[in-house]
1. In the list B:166, B:174, which residue meets the criterion of being polar (S, T, N, Q), open to solvent by less than 40 Å² (accessible area, probe 1.4 Å) and more than 10 Å from chain A (Cβ to nearest Cβ)?
2. Kindly indicate the residue of region B:355-378 that is under 14 Å from residue B:327 (Cα atoms) and in contact with a strand residue (DSSP E or B) (Cβ under 9 Å, 6 or more places away or on another chain) and also most open to solvent (accessible area, probe 1.4 Å) among those meeting that condition.
3. Report yes if residue B:156 is in contact with a helix residue (DSSP H, G or I) (Cβ under 6 Å, 6 or more places away or on another chain) and not in a loop (DSSP other than H, G, I, E, B), otherwise no.
4. In a helix (DSSP H, G or I) and over 26 Å from residue B:388 (Cβ atoms), is that true of residue B:13?
5. Can you find, within region A:1-22, the residue that is nearest to the other protein chains (Cβ to nearest Cβ) among those that are open to solvent by less than 60 Å² (accessible area, probe 1.4 Å) and under 21 Å from residue B:119 (Cα atoms)?
6. Only one residue in B:75, B:121 is at pLDDT below 90 and out of contact with any Ser or Thr (no Cβ under 8 Å at 6 or more places or on another chain). Which one?
7. Go over the candidates B:184, B:139 one by one and state the one that is β-branched (Val, Ile, Thr) and either within 48 Å of the chain's Cα centre (by Cα) or closer than 18 Å to residue A:105 by Cα (or both).
8. Take residue B:271 and tell me if it is on the phi < 0 side of the Ramachandran plot and modelled with pLDDT of 90 or more.
Amino acid sequence: MGKIEWAMWANEQALASGLILLTGGIVGVAGQFRGWQFAAYAIAAGAFVCLLEYPRSKRTKGTSVERTGQYCFTVCVKSFGPLTRNYYVRAFLHAALSVPAGFLLATVLGCVCLGIASLIYLAAAIRGEHWEPILPKKEMVRKPDDSMKNPPQNPPPRPPPETRRKRVDDLEGAAYDNPIPVGE
Amino acid sequence: MGNWIINHGLTSFILVVWMGINIFLFVWFYLFYDLGDSYYYTRHLLGSALAWARAPAAVLNFNCMLILLPVCRNLLSLLRGSFVCCGRTMRKQLDKNLSFHKLVAYMIALMTAVHMIAHLLNVEWYNNSRRGGYDKLSTALSNLEDTDNTTYLNPIRKTDVDAQQTPTYFVFTTIAGLTGVIITLALILIITSSMEVIRRSYFEVFWYTHHLFVIFFAGLVFHGAGFIVRKQLTTDPPHNYTLCKDRSEEWGRIPECPIPKFGGGPAQTWWWVIGPMVLYLCERLLRFIRYMQTVQYRKIVMHPSKVLELQLVRDGFKMEVGQYVFLNCPAISQLEWHPFTMTSAPEEDFFSVHIRSAGDWTDRLIDIMQHLPEGAQGPKMGVDGPFGTASEDVFDYEVSMLVGAGIGVTPFASILKSIWYKFKTSNPNLHTRKIYFYWLCRETHAFEWFADLLQVLEREMEERGMGDFLTYKLYLTGWDQSHATHAWVHFDDDTDVVTGLKQKTHYGRPVWDKEFEQVCKENPASTVGTFLCGPAVLGKVLEKKCANFSDVDPRKTRFYFNKENF
């Protein structure tokens, strides 16, 4: 399993956890559960995790596949610099975010899933991975080769006009010898 | 339209039947729990959340039964063999097994979500009832104890736990609750590691995590235990709820309203899943037995661009064109099985695969083979298969247009070889008189072995004076200036600079209109079968061209596009 980038799986797991937290939170608030405040927290935490995890990182090896419409999220996440780049921070953040959700049944699943995502991010961080934004490649402007910039100044060498004029009376003699042989 | 029915009709029918069964189960069990008399009191405590939890449970039972079946590939091969009478369209459905597996998985995920949300509501409302948060009847029902002569309805019995934590406590101290959490967690991990991104790039994570299904099924079987879903049982004298629901304080003291009795049903899921679990166990056992069978190496060839050809022999191995096998090499990894299309023809006494460097496993294999001494046997190899619906349709047409794009050219190695063998032995099954082969690739890197094959065929055909049996065209779609210059300089050469073949390489994509016109002109009154192994986009293009160039007039050419799934 040498070439695994754990962060890719951690990202999927964290995104799923965010959605589960969000769902659990909505159920808790809509059902007016005992301790619905924890559910309200889970809605906020779940939404935050989803926004943070939506933009996929660029892979170190291979083609990175973007999620639909992730560019604006990439820009937002990128703006936090080392906080979002470093996976140790993410691992710790997810672990911390998941704790309050453990106090209500509706959100406990989200708590455990986010905890697992946090562990996978920890593994990724230990292996030295970090988050890279996927940015659109700048179009390389093809510069024309130098030779195109300097078109020839002079016309090609030609024999003097007298020899160039077609001599209809002597067609054989009219054909002129090329200084350099052409063809075999 | 007719083409769509032939290509997609049976699949759509199967999907409609499956969805129909799902909907039926959902509605039936929803109404059973929502209207049933014996659940009246339960519904009083839970509302419609009872039915909303039980209906997806039924759908889940059905789908958990189905999900193991499409991945029993040896069982499917058995079915395929016994369906020989039932036509290829039926057998081709078996090739879509993984798509069906995924569809059933989505349904399981969806129903799990609904089931879980409904149960969250159930537990919360049971808790509130238990603490007297609702009306008199609810409190009375919840107060029914679990003793010798009374039975309980509300499964939450302890009240000394903190009110907010009671649901969590209840879930984690009952079999149903605990197994539910564990298997849902297993399901979530399975799903996140099965996402396309993870599956395509980090197959091992996907494969090993997927084995959590063992925990999933083990938990699932016990999930229904504990008699938590309870219904009213008949008492003597009977307790009529319409009469007695408003007189809960008199229960047991008046003759027409004895204390109601409740009971739960036993776990039933195992009825649904035991069969497929046994079948899957047999499947894994069979794969193990197959793996223990000796596989001899007939030849090991290292082709340019790190392509490894293995010619293997196994007792009793019978293949058809276009099939694939799974290979396992314990020296590299005990648990990984990787699929490879076979490149040999059935007429040969061995089977071969061409393996490109495409990841950890293949790299290690190529490395091991490169360090083998001359003439030695390779490492122990397990072979499972062959699998896949054979592509015998190719032999039925007088004229065949075969289009292979990129790695899709691999099954055509098998097909072309087989056609040539059949032609040499005048096999009556072969109706083909002319083949047009179009090979599209970005670069010939890693396909030099295929060019060699074409060279050999070319030579043999020339020797027999059958030079025009096979017309092949190679299209290099990833050409650049250096290619063009190289070709221009070698314009007058007899053989092509890229492949060494007599027929010249074309640059860029084929102009299909021209190709189809050429085929029409050269084969005026024939039926032409078009086969593609490549991207779906190209399939659509070819399908359209076939329709455009086909003529109903039997004196003109007719094209049939075969949607193959190699």
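1. It is B:174.
2. B:356
3. Answer is no for this residue.
4. no
5. Result: A:16.
6. Residue meeting the stated conditions: B:75.
7. Step by step, each of B:184, B:139 is checked, and only B:184 is β-branched (Val, Ile, Thr) and either within 48 Å of the chain's Cα centre (by Cα) or closer than 18 Å to residue A:105 by Cα (or both).
8. yes
The values are calculated or read from the model by the stated rules, or taken from the named source; none is laboratory data. Small disclaimer: the values here were computed from a predicted structure and weren't measured. Virtual Cβ from ideal backbone geometry, glycine too; neighbours counted across all protein chains shown. For the accessible areas, the whole protein counts, side chains as well, though only heavy atoms, and no ligand, DNA or RNA atoms are used. Shrake-Rupley method; radii C 1.70, N 1.55, O 1.52, S 1.80 Å.
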